[in-house]
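Just below is one structure, and these are the notes that go with it.
Only the coordinates and a few stated rules stand behind these numbers; no lab work does. Please read these numbers as outputs of a predicted model, since none were measured by experiment. Here the Cβ positions follow ideal geometry from the backbone for every residue, glycine too, while neighbour counts run over all protein chains shown.
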Amino acid sequence: MAYETIKYDVVEQILTITLNRPEKLNALTATMKRELIDAFDRADKDDDVRAIIVTGQGRAFCAGADLSRGADSFDIDAWHGPMKRLSDGTVDYSNPELRDSGGQLTLRIFECLKPIIAAVNGPAVGIGLTMQLPMDIRLASETARFGFVFSQRGIVPEAASSWFLPHIVGVAQALEWCYSGRVFPADEALAGRLVSKVVPPDRLLSTARALAREIVEKTSPVSIALIRQMMWRMLGADHPMEAHKIDSRASYSLGRSSDAKEGVTAFLEKRPALFKSKVSTDMPDYFPWWAEREYK
């Protein structure tokens, strides 16, 4: 796919995805959503991509949804025509056209097998903020601003953020930000644990790349892919036994692998490890475990 609204650049096994509508503050459109999903599909299939950075072109990260349709910007009937109704006149909520567009994007990001760093270079509100929640690490420029502005637009937080946000910052902080709908600065995002670091604007991408390089140069790609999915998916587990089941499978499968042998040997020989596993071909046979019809 040729991209119109994003940039896709791989350098030294680090993919940088740049939201690229600077004249519109990188506001999300249907085209940008499709291109972002395609970019994550592409990255997962490419063993040369070991880490992903997402940032914005120009002075904004993403100013939210494109509101060029005015008052009808969030009216699905106005976009697609009246939705299908059931025989009793109620809306057929199983209709795929009713699916939240932002949620389709964040669920794809959630499924990603590569670590994702958000480098928030400027304002990030609405979907510009909720799209960051399934990313693993958020770094912010001192000029970044954040806002869960939905209540001030007469709508609700989307993109599965009612699941992601309380898991990241706790329900009380999530509710405060979502109730008020106010835009807040980077230092408040740091205090509320939404971001892990705030840096000067000219150091943002170098800080993100340094973190990505550490992952690329020192870790096993299969280990990283499994760690990412284990951590996120265990947030919904109802007992630590569920984590123990997956830990046990991973410990058995990876413990016998060439990467594990290389990791130990390199440590004992006091040299950098050279991991050769590939996400495309060397994931363990139980992966993806959540796709099983019966969990044993």
Peptide ranges 12-21, 95-104, 186-195 listed from the most packed, as the mean C-beta count within 10 angstrom indicates: 12-21, 186-195, 95-104
Rounded to the nearest 500, what is the chain's calculated 222 nm mean residue ellipticity when only DSSP H runs of at least 4 contribute -39500 (n - 2.57) each, over all residues? -11500 deg cm²/dmol
Quotient of C-alpha Rg and 2.2 N^0.38 Å, computed over the chain: 1.07
Determine, for the range 180-291, the count of lysine pairs separated by eight or more sequence positions (or lying on different chains) whose alpha-carbon distance falls under 24 Å. 11
So what's the angle, to the nearest 10 degrees on a 0 to 90 scale, between helix 221-233 and the longest Cα principal axis of the chain? 50 degrees
Relative contact order, percent, of the chain when contacts are C-alpha pairs under 8 Å separated by at least 6 residues? 16 percent
Among VAL54, VAL156, VAL125, which one moves the most in a GNM of the chain with springs linking Cα atoms closer than 10 Å? VAL156
For the chain, longest principal axis from Cα atoms; helix 101-110 axis from its Cα atoms; angle between them, nearest 10 degrees, is 10 degrees
To one decimal place, what Kirkwood hydrodynamic radius in Å is obtained for the range 219-291 from all pairs of distinct Cα atoms? 13.2 Å
Listed residue (ALA243, TRP290, ALA225) projecting farthest to the positive dipole end of the range 219-291, Cβ model: ALA225
Diagonalise the Cα gyration tensor of the range 1-71 and give the resulting equivalent ellipsoid semi-axes, square root of 5 times each eigenvalue, largest first, whole Å. 24, 13, 8
